[in-house]
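Following: one structure in structure tokens, then a few remarks.
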Amino acid sequence: MVYKWCVVPQCTNTTISSPHKLFVSVPTNPKRRKMWLRLARRDPKSILAHTNVFMCEDHFNMEKDTINYLKYKMGFSQKILLADEAVPTKFHCQEDRRSRLPDAGPSREVFFKRQRIDIVTECLRRHSTTTHTESLQNDDMIQEIIEPKELPKTQDKETITDPIITVEKAVQATKKVNTHFRSKAVQTRCQNKSISTSPWKVSTISHFTSPINIKPCHLQPLQSEVVKAVKRNIFLVDEKSDSDISCFESGLLSPFGTTSVKVTDSDSNVTDTKENIEKLQCLKNTLRLIEKKPLMYIGISKECYFLIELLHRHTNINREHILLCLKKIRLNSTFSELEDNFGISLSYASKLFLRNLPIISGFLKPFIVNLDKNLIKRNLPIAFRHNYHNVSCIIDCLEIDIQKPSKALHQALTWSEYKKGNTVKYLISCTPNGLVNYVSQGFGGRASDVTIVENCNFLDGLQQGTCILADRGFKHLEQILHEKGIKLLRPPSVNAGAKLSKTEVRQTKIIASLRIHIERVIRRVREFHMLKQHSVINTNICRVLDHVIIIACALINLQDSLIK
């Protein structure tokens, strides 16, 4: 299950916290994507255009915004589909905009609105009348205060100021009426953040400009312990800024004196040279072993080792890379072993193998030659010369085990009932003296032997009057070969409940003794450990398996003769 989270700010729904909720993918169309993110108050520039983000179902009216909502709920549809004009409209998680949303709560009736307006109007009217009467009374009181004749002689200045204080209180009382009105400015909330108060500023600021930095000229001897503690908190290997590097490389002193640890270029160069020397030494040892025993390591005899140099000249591939590919096929070494043997990285070894293998197979494919019928007769072994001198080739199928494919269709196509596993099948043909003269492309293990012969181009290279030696499994191929003027020689079939005659038993033994040469060729192919029995081929290497078979068969033809 893919982890999904809602991109709407202040929404905490995820597939872990709310597994029962639906998550809708934000459109990849730039205009619709920008509109959705702006409605959610998310900056479109903060999210990359190719990033797959989601919004939960709380922000949509699923019944109106979807096309197959009922089918999805009933289980008739596996994926919910949004309408083209659907946009997120519900944002209850954002408190500052809840009052402005159309569905934030039950709308007030007209009666309450009018009642509130009447109350406000009555308050304003009463306030205006009271203010007018108070102003008249204050004027009379002020006039009485100003006239000196009516004032008693024993009155103090304090008694004169009392009415003035009353007037000021009345003025203050009138200001409190305005507090009943709701200010629009209070409804807004500032969403901006100061960069200086942002918590992310610490990771981007240079330590030499930090306010807690201590300059070396102001250090005291007694403060060395404090400086050491500060150094451990501030200086980290991962957090070293560009200004720190430039200061150390320019030859300036560290702000922490001798307590700071420096990694100079000379130390790094020493470690690099040591690693390079070790890699070169491993490469030299590997090349020495291959040159000493090429047949064991790469499947080429010493007499034919000059082919590596020819291959290097014609393909411009490094000799070390050619040996890496051949050693992988011969010994089925892991890429980790090749990394140590040839002094390269694991990923680079894998890339070299997959990239150079088709080129090497194209160079070695001419060694698999379809020989002429007359030329085969001249080099025919003694066992074939008496009764089977017309035999030109012996055929059989080779199955290579592979990993179980991820798709069910590929699993069915590659399943082999004979091997009880997933395999890739190849048709191999050899001459009576043991030279491979044809290799087909790979087929699924489900394909029968007859199906492979019909679909590959093996029959196109045969001449009329050719005789093919095969097993009983190619019984149904006899009619197809007869139409092309080709004869099929195979052991006699056994009917149900019947026994073979003495002549048929003798013929079966003779054909089996002659057909054994194709089994010996297949045994040589199996000597390449990548094609060994029960050596399962990785799914990533299956795409170059045809080239591996061609290289193995070509190198077999370069070895000693099979029949001596």
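The values are calculated or read from the model by the stated rules, or taken from the named source; none is laboratory data. Everything quoted here is computed from the prediction, not taken from an experiment. For neighbour counting, all protein chains shown are included, and Cβ atoms are generated from backbone atoms with ideal geometry for every residue, glycine included. With ligands, DNA and RNA removed, areas are computed over all heavy atoms of the protein, side chains included. Shrake-Rupley method; radii C 1.70, N 1.55, O 1.52, S 1.80 Å.
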Listed here are the pairs LYS71/LYS407; LYS292/LYS425; LYS475/LYS499; LYS4/LYS71; LYS21/LYS90; LYS292/LYS328; which of them are more than 25 Å apart at the Cα?
-> LYS71/LYS407; LYS292/LYS425
Overall form of the stretch 399-450 per C-alpha gyration tensor (a/c, 1.5; a/b vs b/c) | prolate
Give the Kirkwood hydrodynamic radius (Å, one decimal) of the stretch 28-93, defined as one over the mean of 1/r across all pairs of different Cα atoms.
-> 13.1
Average accessible surface area per residue within the stretch 472-564, 1.4 Å rolling probe, Å² | 57
Stretchable slack from SER46 to ASN61, in nm (0.36 nm times residue separation minus alpha-carbon distance) = 2.8 nm
DSSP-loop GluC sites (Glu not before Pro) across the stretch 334-403, with at most 11 other Cβ within 10 angstrom | none
If you roll a 1.4 Å probe over the stretch 287-411 with all protein chains in place, what percent of the accessible area is carbon or sulfur?
-> 53
Counting all C-alpha pairs of the stretch 438-560, share separated by more than 27 Å (%) | 30
Kirkwood Rh over Cα pairs of the stretch 264-373 into Stokes-Einstein at 37 °C, 0.692 mPa s: D in µm²/s?
-> 213
If you stretched the chain out fully between ASN455 and SER345, how much longer would it get, using 0.36 nm times the residue separation minus the C-alpha to C-alpha distance?
-> 35.5 nm
On the protein heavy atoms, probe 1.4 angstrom, tell me the percent of accessible surface of the stretch 19-75 carried by carbon and sulfur.
-> 55
Using a ≥ b ≥ c from the Cα gyration tensor of the stretch 329-487 (square roots of the eigenvalues), is it rounded, prolate or oblate, where a/c under 1.5 gives rounded and otherwise the larger of a/b and b/c decides, a/b for prolate?
-> oblate
Filter the chymotrypsin sites (Phe, Trp or Tyr not before Pro) in the stretch 306-388 down to the DSSP loop ones having no more than 10 other Cβ atoms within 10 Å, then list what survives.
-> PHE306
Distance between Cα centroids, the stretch 353-378 to the stretch 318-337: provide it in whole Å.
-> 21
Separation between Cα centres of the stretch 487-564 and the stretch 33-100, rounded to whole Å | 62
Contour minus Cα-Cα span, PHE112 to GLN559, at 0.36 nm per residue, comes to 150.6 nm
Which value, in Å², gives the accessible area per residue of the stretch 288-375 when a 1.4 Å probe is used on the protein heavy atoms?
-> 52
